[in-house]
Amino acid sequence: MNNIRKATVALGVLLAAGMPFVFAQAPEASQSPSAQAQPGQHRTFDPAQQAEHLGQRLGLSSDQLAQIKPILADRFQKMQTLRADSSLSQDDRHAKAQAIMQDSNSKIEGLLNDTQKQQFEQMQANRHNHEHNRQAPPQA
């Protein structure tokens with residue numbers, strides 16, 4: 001696997017870290033953003049780490065990073081709250097998670113220049129393709 005693909009996969013994991021239908025975690029494991037994943041669980045990423053990763057990938061300025069960190073922190077908190085809400089059906093949880101992701105991604109895009117937006121959108125498309133390929137049933 002080449003470095004670009006590795007980075008794309010890593011970003012996909014970072015950006016999807018809050019997706020409850022992808023990440024099934026025990027409540028105590030989700031308390032520590034850098035907790036090591038146990039079998040059947042996935043690691044939760046710190047919003048500051050996500051911002052730094054985006055900063056490196058997109059060449060963000062320190063001002064952009066400072067504005068993106070609270071957006072990612074807010075998304076992380078909303079996803080944690082959503083994950084803890086056991087009253088929702090899986091479909092409702094999925095829809096709300098997608099709405100949270102879309103809202104935060106729109107806010108992030110609003111802070112990017114045209115080149116960074118193109119790169120960010122490409123990263124999103126790669127993440128979507130990776131998730132789709134991973135969830136696709138095997139071909140007979």
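The values are calculated or read from the model by the stated rules, or taken from the named source; none is laboratory data. In this text the structure is predicted, and so the values were computed from the model without any measurement. Please note: Cβ atoms are built from the backbone with ideal geometry, for glycine as well, and neighbour counts cover all protein chains shown. Calculation scope for accessible area: heavy atoms of the full protein, side chains included, ligands and nucleic acids excluded. Shrake-Rupley method; radii C 1.70, N 1.55, O 1.52, S 1.80 Å.
Contact map, segment 93-121: residues that are exposed (fewer than 14 other Cβ atoms within 10 Å of the Cβ) and modelled with pLDDT of 95 or more paired with residues that are among the acidic types (Asp, Glu) and part of a helix (DSSP H, G or I), Cβ distance under 9 Å, separation 6+ or inter-chain. Pairs shown: Glu109/Glu121.
Taken over segment 127-140, the criterion of being open to solvent by less than 50 Å² (accessible area, probe 1.4 Å) and at pLDDT 75 or above is satisfied by Arg127 alone.
Residues in segment 31-74 that are open to solvent by less than 70 Å² (accessible area, probe 1.4 Å), polar (S, T, N, Q), closer than 26 Å to Phe120 by Cβ and at pLDDT below 95: 3 in all.
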